[in-house]
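Read through the structure below, which is laid out as structure tokens, and then see the notes.
Since every read-out is calculated from the coordinates, none of them should be taken as a lab result. Computed from a predicted structure; not experimentally measured. Counting neighbours? That spans all protein chains shown, and the Cβs are built from the backbone with ideal geometry, glycine included.
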Amino acid sequence: MVVLKVFAVSLVMAVAFGLIGSSAKLSKNRIANKIASAYTIVFRGVPELLVILIFYYGSAITLTSIGRAIYPQTQFVDIAPFWAGAFAIALIVGSYATETFRGAFLGVDPGIIEAARALGLSSLHTFFYIRVPQMWRLALPSVGNHMLSLMKDTALISIIGVEEILYVAEMATAVTLKPFTMYMIVAVIYLGITTVITFVMMALEKHSNRHLAGTR
Amino acid sequence: MTFDIYLIFDSIPKMLAGMGMTLQLLFLSSFLGLVLGIIILLMRISGRWYLSFPTFVYIYFFRGTPILVQIFVIYHGLPQFEAIRDSVFWPILREPFGCAILALTLNSGAYVSEILRGGYLGVDKGLHEAGKALGLSTPHRFIYVTTPIAVRLAIPAYSNDFISMLKATSLASTITLLDMTGAARTIVAKTFAPYEIFIAAAIIYLVMTWFFQRGFGLFEKRMSRYIKQ
């Protein structure tokens, strides 16, 4: 299941990009601020397919010319489409996660952060032990939606030749001549995965709000 | 590798031709998707299970699968059945344009009906009761009381969906349509200058996104004018 591998790899990267982006957006550093804003505007405004194409073909032509400069007989170099695709998807979902995390960080009670400071925690410790866990609870519902769109974006990487389910279905169609059946199987597989994600997110939300059980 | 800035300027006219196709896809399928979304919404809130259950299945399917897969099922998949090849819809379904419109419409219908349902549920119950007390009939209440407020509440989410539709139209390039992404891909295949061409396309998409966002922002302001007074 290549799709699940892409999903896992880009999910980890997307969360990392989201955390970096949202901290940059909330920081007082003006340059970091500007870079993060540009990042979210560009990656949320350009079609996913185009981003994937830029990364795949762009990286191929760059690496080829570097290769030629070092070793003139080089024909063609590209990075594995798997990584180009996973990285492009992670950057896109990361830009959405940046906005979500930013909102969630703002939702954390400032009193908690002050308390952490008063206890002598460094700002790095405060970030990872206090702010991230607190904001995570608020961000979860949107993170679930981002995970669903990430899962659906993985279908796009068949276009740059990664052998995932859609690509396999295309191959199978050439043999069986039953395109509807093949593509419907792909659709049902995606439907199954998205359903599992939805249930996992519901369970996670319940788990992260367990300290609220009994209140209200 | 050289970054040829003039190539960007050279390719822009060709891509603007593709922009026409992109806009056609966008407007036609969002309009049809809006109509479909309203019908689905009415079926869903009707309170009759034989109307609301099919909409549930429909929304579940179209929100749970990638648009690209939906496009492929419709474009490559439907001609598998003889009944469809013989039906009156064949002239539409034979063309990639018709298939792209159909797939995007069905997809956007599912999302739009959910967005409108959110707006509908956000309307204060008291307003509904007030309408009833004033003796308005159910259709009147729906048209004059619920709809204007639900529309106002649904605009932010709808504008997001509209932008995703704009981005989804780029997938039409996978079924041989020459929209902006399709045009860019053909030029890249000829010149092999992916950075210049794709970045030029990305800039045009960004401008379009910005433009539509402004438009929806102004519309929302106008629809909220009752709040300020």
Positive dipole terminus of the stretch B:16-228, leading residue within B:Leu78, B:Tyr120, B:Ala133 (C-beta point charges): B:Ala133
Whole percent per 10 Å bin, from 0 to the bin with the longest distance: what is P(r) over all C-alpha pairs of the protein assembly as shown? 4, 17, 28, 26, 16, 7, 2, 0, 0
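Which of rounded, prolate or oblate describes chain B when judged by the alpha-carbon gyration tensor and an a/c cut-off of 1.5? Let's see the in-between values first.
Details: a/c = 3.25, a/b = 1.53, b/c = 2.13.
Oblate is the answer for chain B, as a/c is 1.5 or above yet b/c matches or exceeds a/b.
With charges only on Cβ, +1 for K and R and -1 for D and E, what is the dipole size of the protein assembly as shown about its Cα centre, in debye, rounded to 20? Could the numbers behind the result be given before it?
Working: 35 positive and 22 negative charges, 304 e Å.
Roughly 1460 debye, rounded to the nearest 20.
Please sort by residue number the chymotrypsin sites (Phe, Trp or Tyr not before Pro) in the stretch A:58-113 whose DSSP state is loop and whose Cβ has at most 11 other Cβ atoms within 10 Å. List each step's numbers first, then the result.
Details: sites: A:Phe76, A:Phe82, A:Trp83, A:Phe87, A:Tyr96, A:Phe101, A:Phe105; in loops: A:Phe76.
Sites meeting the loop and neighbour criteria: A:Phe76.
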Quick one: Cα centre-to-centre distance for the stretch A:75-124 and the stretch B:33-81, in angstrom? 34 Å
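Starting with the fewest neighbours, write out B:Arg225, A:Arg68 ranked by other beta-carbon atoms found within 10 Å of each beta-carbon. Don't skip to the answer; put the middle values down first.
Working: B:Arg225 9, A:Arg68 15.
Placing the least packed residue first, the sequence is B:Arg225, A:Arg68.
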From the Cα gyration tensor of chain A, with a ≥ b ≥ c the square roots of its eigenvalues, which class applies: rounded if a/c is under 1.5, or else prolate if a/b is larger than b/c, or else oblate? oblate
For the stretch A:152-216 and the stretch B:171-218, what is the separation of their C-alpha centers, rounded to whole Å? 27 Å
List the chymotrypsin sites (Phe, Trp or Tyr not before Pro) in the stretch B:155-229 that DSSP assigns to loop (not H, G, I, E or B) and whose Cβ has at most 16 other Cβ atoms within 10 Å. Which are they? B:Phe192
Most exposed first, judged by fewest Cβ atoms within 10 angstrom, B:Thr191, A:Thr100, B:Thr169 run B:Thr191, A:Thr100, B:Thr169
What Kirkwood radius, in Å to one decimal, follows from the Cα pairs of the stretch B:106-214? 16.9 Å
Per DSSP, the loop-located chymotrypsin sites (Phe, Trp or Tyr not before Pro) within the stretch B:1-32 having at most 10 other beta carbons within 10 Å are B:Phe3
Computed about the Cα centre, the charge dipole of chain A from +1 Lys/Arg and -1 Asp/Glu charges at the Cβ has a magnitude in debye, to the nearest 20, of 720 debye
Selection from B:Thr55, B:Met208, B:Met223, by position along the positive dipole direction of the stretch B:16-228 (Cβ): B:Met223
